[in-house]
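**Student:** Mind looking over this structure? Questions follow.
The values are calculated or read from the model by the stated rules, or taken from the named source; none is laboratory data. Source: prediction; values computed, not measured. Neighbour counts run over all protein chains shown; Cβ positions are idealised from the backbone, glycine included. Areas reflect the complete protein model, heavy atoms only, side chains present, ligands, DNA and RNA absent. Shrake-Rupley method; radii C 1.70, N 1.55, O 1.52, S 1.80 Å.
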Amino acid sequence: MEKHIPVMLNEVIENLNIKENGLYVDCTLGRGGHASEILKRIPLGHLYAFDQDIKAIQESRPLLKSIADNFTLIHANFVNVKEKLNEFGVKKVAGILMDLGVSSPQFDDGERGFSYRYDARLDMRMDQNNNLDAHYIVNNYSLEKLVRIFRDYGEEKYAYNIAKSIIKERETKTINTTFELVDIIKKSLPYKELAKKGHPAKQAFQALRIETNHELDYLNNTLKDALELLAINGRLAIITFHSLEDRMVKKAFKSVSEIEGTRHGPILLPSEVRKPKYRLVNHQVIIPSAEEVQNNPRAQSAKLRVIERTENDER
Ligand SMILES: C[S@@+](CC[C@H](N)C(=O)[O-])C[C@H]1O[C@@H](n2cnc3c(N)ncnc32)[C@H](O)[C@@H]1O
């Protein structure tokens with residue numbers, strides 16, 4: 001089985017504060033690294049694990065089976081977490097984990113087109129049933145749209161140059177493969193950029209992957225449901241790998257954990273003050289230790305935030 005090293009495993013397990021009879025949800029099963037540690041701790045509970053990549057489901061099943069039987073694997077996008085859990089009669093859960101982005105096996109599978117290191121058709125779909133792939137984006141999106149994607153999702157300084165070169169190349173031929181795209185990117189960058197450490201196509205590839213899988217939209221559309229699914233004392237832990245994702249999570253967590261009320265100048269009117277229904281478990285974002293980053297460079301940009309439900313909807 002291809003390996004994926006789970007990021008901040010101890011921190012996640014500790015902060016989920018797992019109850020042995022609890023219902024838990026792993027929205028991003030991957031190769032089951034976090035899921036198996038959760039499963040080991042819930043002999044009287046149940047684990048529901050989602051992944052939109054069928055391979056993640058197939059490959060993780062034997063691993064989880066070797067631990068226990070009290071789990072259900074769901075091949076679906078986590079944006080449907082609430083409806084899917086409802087189908088199993090589950091309305092509230094004790095904990096939810098989201099470990100965003102791609103897994104190492106997806107990245108390292110030369111045929112899936114995620115990586116600039118392997119020559120493959122431009123694909124990058126986590127869910128291979130989806131219609132939109134990187135090939136379509138590269139060959140059809142407008143200059144403006146490509147610039148925005150490379151700039152916003154890739155924080156690519158040369159977004160315009162790369163997008164312009166893609167459009168130019170498209171005038172004569174279709175851009176089919178990862179290596180063709182790498183060549184175009186390399187030709188778009190000044191020499192001083194090419195001489196820098198790190199692969200010159202890294203940011204542009206990341207940007208295309210985020211767009212192909214609508215990663216920010218799905219996260220944004222899931223946060224509210226995930227928060228609502230928590231039972232009292234239930235916790236939601238989210239690991240992000242991108243500053244835009246982290247900002248989204250931080251903002252969502254902040255808005256539900258702050259005291260609400262009408263402000264009259266600096267004063268909150270007591271009659272109108274509403275206690276928040278959630279509390280931040282950690283006020284500071286949690287990042288991996290230097291040792292973890294050394295052993296697993298993929299953990300480098302990871303950020304973990306955890307929130308706990310303290311009140312019900314009913315007042
Ligand atoms: C970083 S990996 C998770 C690794 C996992 N925690 C482990 O320890 O093996 C992210 C996984 O989430 C899946 N994924 C990403 N976005 C998703 C979404 N919107 N819905 C369902 N699965 C998603 C990917 O296919 C990938 O397998």
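**Student:** Counting only protein heavy atoms and a 1.4 Å probe, tell me what percentage of the chain's accessible area is made up of carbon and sulfur.
**Tutor:** 49
**Student:** How large is the direction-averaged shadow of the alpha-carbon convex hull of segment 1-112, in nm²?
**Tutor:** One quarter of the hull surface, i.e. the mean projection, equals 6.6 nm².
**Student:** In nm, to one decimal, how far is the residue 129 label point from the residue 255 one, both placed 7 Å along Cα→Cβ?
**Tutor:** My value for the distance between the label points is 3.0 nm.
**Student:** Give me the percent relative contact order of the chain, please, defined on Cα pairs under 8 angstrom at least 6 residues apart.
**Tutor:** The value is 17 percent.
**Student:** With label points built 7 Å along Cα→Cβ from the Cα atoms of residue 291 and residue 63, find their separation and express it in nm.
**Tutor:** Label at residue 291, label at residue 63, 2.2 nm between them.
**Student:** What does the charge count near residue 302 come to, summing +1 for each Lys or Arg and -1 for each Asp or Glu among other residues with Cβ under 12 Å from its Cβ?
**Tutor:** For residues surrounding residue 302, the net value is -2.
**Student:** Let me ask something else. What is the set of long-range amide H partners of residue 96 at a cut-off below 5 Å, with H atoms built 1.01 Å from backbone N?
**Tutor:** Residues meeting the amide H criterion: 25, 235, 236, 237.
**Student:** Can you compute the modelled spin-label distance between residue 179 and residue 142, with each label point 7 Å from Cα toward Cβ, in nm?
**Tutor:** Inter-label distance under the simple model: 3.5 nm.
**Student:** Another question, if that's okay. Per residue, how much accessible area does segment 131-212 have with a 1.4 Å probe, in Å²?
**Tutor:** 54
**Student:** Per residue of segment 46-62, in order, report the coupling 6.51 cos²θ - 1.76 cosθ + 1.60 (Karplus, θ = phi - 60°) as ³J(HN,Hα) in whole Hz, putting x for Gly and Pro.
**Tutor:** Along segment 46-62, the couplings run 8, 10, 10, 10, 10, 7, 8, 9, 4, 5, 4, 5, 4, 6, 7, 4, x Hz.
**Student:** Continuing with the same structure: Counting C-alpha atoms alone, how compact is segment 131-212: give Rg to one decimal and Dmax as a whole number, in angstrom.
**Tutor:** Here Rg and the maximum Cα pair distance are 11.6, 37 Å.
**Student:** What order, most packed first, do the peptides 294-305, 234-245, 105-116 have when packing is the mean number of other Cβ atoms within 10 Å of each residue?
**Tutor:** Ranking, from highest mean packing down: 234-245, 105-116, 294-305.
**Student:** Taking H placed 1.01 Å from N in the peptide plane, check which residues at least 5 places from residue 74 or on another chain put their amide H under 5 Å from its amide H.
**Tutor:** The list, which skips near neighbours in sequence, is 49, 50, 51.
**Student:** Further question on the same structure: Applying the Karplus parametrisation 6.51 cos²θ - 1.76 cosθ + 1.60 with θ = phi - 60° to the phi angles of segment 172-188, what ³J(HN,Hα) value in whole Hz is obtained for each residue in order, glycine and proline being reported as x?
**Tutor:** Once θ is set to phi - 60°, the couplings for segment 172-188 become 10, 7, 6, 9, 9, 10, 4, 5, 4, 5, 4, 4, 4, 4, 4, 5, 8 Hz.
**Student:** In square nanometres, what is one fourth of the surface area of the convex hull spanned by the alpha carbons of the chain?
**Tutor:** 19.0
**Student:** Now a separate question. Hey, any idea what the orientation-averaged projected area of the convex hull of segment 51-116's Cα atoms comes to, in nm²?
**Tutor:** 5.6
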